[in-house]
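Here's the structure, in structure tokens; my notes come after.
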Amino acid sequence: MRPELFHFSGRVLSAAEAALGRAAGRFARIDALAEYNQQKVLKAFIDNKVAETDLWGSTGYGYGDAGREKADAVCARALGTEDALIRYTFTSGTHTLTVALFGLLRPGDTMLCVTGRPYDTICPVMGIDERTDGKSPGSLRDFGVGYRQVDLTPDGKIDIPAVTDILKKDKIRLVYVQRSRGYSLRPSLGVDEINRLAAAVREVSGAIVFVDNCYGEFVEESEPDADVLVGSLIKNPGGGVARMGGYIAGKSEYVELCAYRMTAPSLGREVGATLGNDREVLLGLFHAPHVVGEALKTAVFAAALFEELGFKAAPSSLEDRHDIVQALLLENSENLIAFCRGLQAGSPVDSFLTPEPWDMPGYPCKVIMAAGTFTGGSSIELSGDAPLREPFAVWMQGGLNFAAGKTGVMSAADAVVSLSR
Ligand SMILES: *Cc1c(COP(=O)(O)O)cnc(C)c1O
């Protein structure tokens, strides 16, 4: 790294050199992964004959929007599913998951979550938010949908025998899997493990295998063999280009049901003007495999750099990865605050702002966040969150390109190291 642009301390510069050495083997594998996934996506564009005219968009009802239809087909092909809906009109990952769950579940049905307590924003959707005693108006529970849960085993695996026991005894309509760890220290789930679960479920029941795929897209060579996959476009599959949106992909019959919930019964996917946003959806999807590779390298580098500086990383720089999230255990609040401030200072947007810990709704402690992003809340861009409590971890993710991601992480490390100077 040339010294004239950023004045990082000698300790950080030498740790970064050592970290790159430690990460070299991983980087080669990430390059091979990104190349394969990029070719898969390119082939999906070619086979679906994406044309320049598909990028123009529609207005009004949006009937016959060829760009929208091709984006659906490209998305399905890229994720290895029969069918997909990829739409700007989904406001967030939570909204997309909500549409899909309401599309598939009916009063009297029960869903079974097999990865422990779901991601925070999903609990009120299911009606299991303990802060409101499960009373969340408009939740699935409010509509008479039951919820059950199987926790992960102590080593963070899906308890497949416990799941199949329940499926044999009771009527379960949908098995819910969260691939990413969210903001916990459990390992994320590999595609192999989810596929083993899916096979076991299919052996004993007709339940829908539903995967919250957020943060997982293009991190492995294939996506989970689920009946339905759901994700957000301001994470991996938007490639840092899409400014909002989400996707629902999977078996045609299920995607169709979700489409009736997304717009209206009988209209389904045939309507929805794209107002020129097809271009961003398609360009983002096209970039996604490469950008995910850059985010993975940024995460591995961050793990290796902080290991060099004497901290623990989860996953470690040498472990296999199934999502783009990197936790760093920084031991105390001062380090977490310094990290987030340093990360912010090394971001392309709002670098001059100083993040402060705040009482985020729903958290029992103060939380500090760094997000110098082009798209508000985008987490395929370099960003980090740290609740100021045990285990004193910051969860960081993203990085649109490795050169900038690496520099942002070094800026964070420099701020942490300068505390002890
Ligand atoms: C991001 C995310 C969601 C959806 O969150 P939004 O902020 O609504 O996009 C759901 N589940 C997991 C595991 C996530 O990481």
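General remarks:
- Selection from the stretch 345-378 of residues that are under 23 Å from residue 402 (Cβ atoms) and open to solvent by less than 10 Å² (accessible area, probe 1.4 Å): 370, 372, 378
- For the stretch 359-372, the tally of residues that are in contact with a Leu (Cβ under 8 Å, 6 or more places away or on another chain) and not basic (Lys, Arg) stands at 5.
- Filtering the stretch 132-165 to residues that are small (Gly, Ala, Ser), more than 24 Å from the chain's Cα centre (by Cα) and part of a loop (DSSP other than H, G, I, E, B) leaves 134, 136, 138, 144.
- Candidate set from the stretch 75-102 (those that are out of contact with any helix residue (DSSP H, G or I) (no Cβ under 7 Å at 6 or more places or on another chain) and within 20 Å of residue 222 (Cβ to Cβ)); member that is nearest to the ligand (Cβ to nearest atom): 79
- Yes/no for residue 218 being open to solvent by less than 10 Å² (accessible area, probe 1.4 Å), under 20 Å from residue 171 (Cβ atoms) and of a type outside the set (Val, Ile, Thr): no
- Residue check, residue 110 hydroxyl-bearing (Ser, Thr, Tyr), free of Cβ contacts under 8 Å to residues at least 12 places away in the same chain and more than 15 Å from the ligand (Cβ to nearest atom): no
- Residue within the stretch 310-325 that is within 19 Å of residue 414 (Cβ to Cβ), in a helix (DSSP H, G or I) and out of contact with any Cys (no Cβ under 8 Å at 6 or more places or on another chain) present: no
- Residue, farthest from residue 89 (Cα to Cα), within the stretch 229-265, restricted to residues that are among the aromatic types (Phe, Trp, Tyr) and away from the ligand (no atom under 13 Å from the Cβ): 254
- Filtered residues of the stretch 190-215 (kept if within 16 Å of the ligand (Cβ to nearest atom) and either in contact (Cβ under 8 Å) with a residue 40 or more places away in the chain or buried (at least 22 other Cβ atoms within 10 Å of the Cβ) (or both)): 190, 191, 194, 210, 211, 212, 213, 214, 215
- Condition met for residue 223 (open to solvent by 10 Å² or more (accessible area, probe 1.4 Å), in contact with a Leu (Cβ under 6 Å, 6 or more places away or on another chain), within 16 Å of the ligand (Cβ to nearest atom) and not basic (Lys, Arg)): yes
- Looking at 240, 206, 216, 276, just one residue is in a loop (DSSP other than H, G, I, E, B) and modelled with pLDDT under 95, and that residue is 276.
- Only one entry of 374, 339 meets the criterion of being in a loop (DSSP other than H, G, I, E, B) and away from the ligand (no atom under 16 Å from the Cβ), and that entry is 374.
The values are calculated or read from the model by the stated rules, or taken from the named source; none is laboratory data. This one's a predicted model, so the numbers in the text were calculated from it and none came from an experiment. Neighbour counts run over all protein chains shown; Cβ positions are idealised from the backbone, glycine included. We work out accessible area using only protein heavy atoms, side chains counted, and drop any ligands, DNA or RNA first. Shrake-Rupley method; radii C 1.70, N 1.55, O 1.52, S 1.80 Å.
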